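To keep things clear, I will list the structure first and then write my remarks on it.
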Amino acid sequence: MRNFKPLPRGFYEPSAKVVAPALLGHWLIRNTPSGLCGGPIVETEAYLVGDPACHGAPGPTARNRVMFGEPGHAYVYLIYGNYFCMNVVCQPPGVAEAVLIRAVEVALGEESMRKRRPVAAPRNLTNGPGKLCLAMDIDRGLDGVDLCDVHSPLYVARNPRVANFRKERGSVVITTRVGLTKAAHLALRFYLEGSAFVSHRRRIGQSD
């Protein structure tokens with residue numbers, strides 16, 4: 001069994017624009033009755049204060065209240081009436097920013113994920129925000145859980161080899177977000193170019 005250690009709360013205190021690329025290579029872990037499932041994060045999107053696409057833009061509501069709370073918690077919401085999306089809350093309380101986890105590489109619990117999402121290719125289990133939530137059994141019931149607690153049903157674990165993992169998967173690509181009508185021009189999506197699990201590939205800029 002791996003000795004997973006969650007990222008500290010301070011990791012999430014900066015802006016989502018800073019946290020989103022920093023999350024690449026760290027592990028999203030789901031604790032389930034049948035064991036752990038998840039893997040390294042390989043694609044993220046940032047949603048910021050003043051960003052019309054950010055759910056926090058209208059102010060606090062019953063749906064987005066977690067975004068205005070303590071950083072390092074999960075914000076989970078339903079889209080299109082069928083799919084859940086999982087976000088990491090950033091910034092101090094009262095500032096609503098978050099990072100959407102768009103894709104993870106399957107590294108743990110593939111068998112259990114296939115039961116929830118039967119597909120032929122492993123990459124299709126988790127190469128999209130709705131897909132990974134279905135495969136990892138993430139739903140609205142996990143809204144607000146503490147991602148900094150190893151005993152939480154969902155947390156983000158530090159990858160001690162994160163620098164090597166990023167090097168193995170190629171450069172960090174910076175590009176526009178996917179599926180938006182508001183602020184669609186903003187380059188706030190980040191992914192590891194060499195990962196087969198990335199959902200969409202559209203390059204604007206690139207950093208090492």
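The values are calculated or read from the model by the stated rules, or taken from the named source; none is laboratory data. Quantities reported herein were computed from a predicted structural model and do not represent experimental measurements. Ideal geometry is used to build each Cβ from the backbone, glycine not excepted, and the neighbour counts take in all protein chains shown.
What is the number of the single condition among (1) within 19 Å of Y191 (Cα to Cα); (2) touching an Asp or Glu at 6+ places or on another chain (Cβ under 8 Å); (3) of a type outside the set (S, T, Y) that W27 does not meet?
(2)
This table checks each residue for (1) surrounded by 14 or more Cβ atoms within 10 Å (Cβ to Cβ); (2) more than 16 Å from the chain's Cα centre (by Cα); (3) under 16 Å from V106 (Cα atoms).
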| site | (1), (2), (3) |
| --- | --- |
| V145 | yes, no, no |
| P153 | yes, no, no |
| F165 | yes, yes, yes |
| S171 | yes, yes, no |
| K182 | no, yes, no |
| L186 | yes, yes, no |
| L192 | yes, no, yes |
| V198 | yes, no, yes |
| R201 | no, yes, no |
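Out of all the residues in the stretch 21-40, is one or more surrounded by fewer than 22 Cβ atoms within 10 Å (Cβ to Cβ), of a type in the set (F, W, Y) and under 19 Å from F197 (Cα atoms)?
no
Quick check on this structure: which one of R140, R102 is in contact (Cβ under 8 Å) with a residue 60 or more places away in the chain, farther than 14 Å from G72 by Cβ and surrounded by fewer than 17 Cβ atoms within 10 Å (Cβ to Cβ)?
When all the criteria are applied, what remains is R140.
Using beta carbons and a limit of 6 Å, which pairs, at least six apart or on different chains, have the first residue in the stretch 56-74 and in contact (Cβ under 8 Å) with a residue 24 or more places away in the chain and closer than 24 Å to D137 by Cα and the second one assigned to a loop (DSSP other than H, G, I, E, B) and aliphatic (A, V, I, L, M)?
Listed pairs, sorted by first residue: M67/A96; G72/L147; A74/V145; A74/L147.
Have a look at H151, H185 and point out the one that is touching a residue at least 40 places away in the same chain (Cβ under 8 Å) and out of contact with any strand residue (DSSP E or B) (no Cβ under 7 Å at 6 or more places or on another chain).
H151
If you go through the stretch 120-140 one residue at a time, how many are modelled with pLDDT of 95 or more, under 19 Å from G35 (Cβ atoms) and not β-branched (V, I, T)?
Counting residues in the stretch 120-140 that are modelled with pLDDT of 95 or more, under 19 Å from G35 (Cβ atoms) and not β-branched (V, I, T) gives 8.
Can you name the number of the only condition in (1) under 19 Å from L132 (Cβ atoms); (2) touching a strand residue (DSSP E or B) at 6+ places or on another chain (Cβ under 8 Å); (3) in contact (Cβ under 8 Å) with a residue 60 or more places away in the chain that S34 fails?
Unmet condition: (2).
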